[in-house]
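Structure below; questions to follow.
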Amino acid sequence: MAGPVSRTEILRRITEGLGTERGSEVEVPRGYALRLEESRADVLALFTERVADHGVAIRHVGPDELATAVAATLWARQVKRIAVPGDLPYGWLADLQGIEVLADGPLLDADQLGGVEGVVTGCAAAIALTGTLILDGGRAQGRRALTRTAAHHLCVVHADQIAGTVPEAFRRLDPYRPMTWLSAGPSLEVLLVESALITP
């Protein structure tokens with residue numbers, strides 16, 4: 001049986017496999033699409049299709065329907081207690097009845113988080129091509145622990161947050177913020193808030 005391979009030997013094999021000399025630059029192909037050429041309406045349709053492909057329920061709502069949609073979604077799941085980021089807009093929860101809301105500000109402890117059945121957050125950006133949501137702990141997103149403990153995560157995505165491609169989404173994000181990328185899972189559900197300003 002062969003013994004452990006040294007770090008130097010591993011690096012030598014990688015360099016040999018790449019066909020380069022150590023220290024030389026490797027040309028990275030950049031032939032991928034930086035942005036989609038489709039109309040804005042087509043980008044939103046693609047996002048909806050890709051999210052659904054991941055087995056995630058997605059519903060389109062108007063801005064004035066959001067509070068009702070949040071309440072209806074949680075009621076349909078028979079959720080009794082939720083946690084939300086401390087800076088979640090109050091209007092998103094205006095129609096809730098019969099559901100206890102715990103705001104994560106001051107921070108909820110582990111026992112409190114363990115007792116919630118759902119969480120409602122926003123997102124920093126979303127990607128149409130992959131059907132991915134990105135949270136970076138910014139406004140209405142909360143800390144990562146919120147989305148990792150609850151059995152149901154309802155994420156509100158505004159249409160203007162949806163980028164066509166990964167490179168396009170990256171240009172909207174702060175690379176120094178901690179990011180959580182979500183694409184699938186039975187616990188995830190999306191409300192896509194459409195804007196009257198979006199044209200076909």
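On a 0 to 90° scale, report how tilted helix 40-53 is relative to the longest principal axis of the chain, with both axes built from alpha carbons and the result rounded to the nearest 10.
Between the helix axis and the principal axis of the chain, the angle is about 90 degrees.
Go through the stretch 106-117 residue by residue and turn each phi into a ³J(HN,Hα) via Karplus (6.51, -1.76, 1.60, θ = phi - 60°); whole Hz please, and just put x for glycine and proline.
Each residue's phi maps through the Karplus curve to give x, 4, 6, 8, 4, 5, 5, 5, x, x, 8, 9 Hz.
Show that you can apply the helix-only estimate: for the chain, add -39,500 (n - 2.57) for every DSSP H stretch of four or more residues, divide by all residues, and state [θ] at 222 nm to the nearest 500.
Taking each H run of at least 4 residues, the total per residue is -7500 deg cm²/dmol.
Quick query: amide H of L102 versus all other amide H atoms, modeled in the peptide plane; which residues come in under 5 Å with a sequence gap of 5 or more or a different chain?
Hits under the 5 Å cutoff: I82, A83, V84.
If you take the square roots of the eigenvalues of the alpha-carbon gyration tensor of the chain and sort them as a ≥ b ≥ c, do you get rounded (a/c under 1.5), prolate (a/b over b/c) or oblate?
oblate
Taken together, the values in this text are just the output of simple stated rules run on the coordinates, not laboratory data. Computed from a prediction, not measured in an experiment: that's the story for all the values here.
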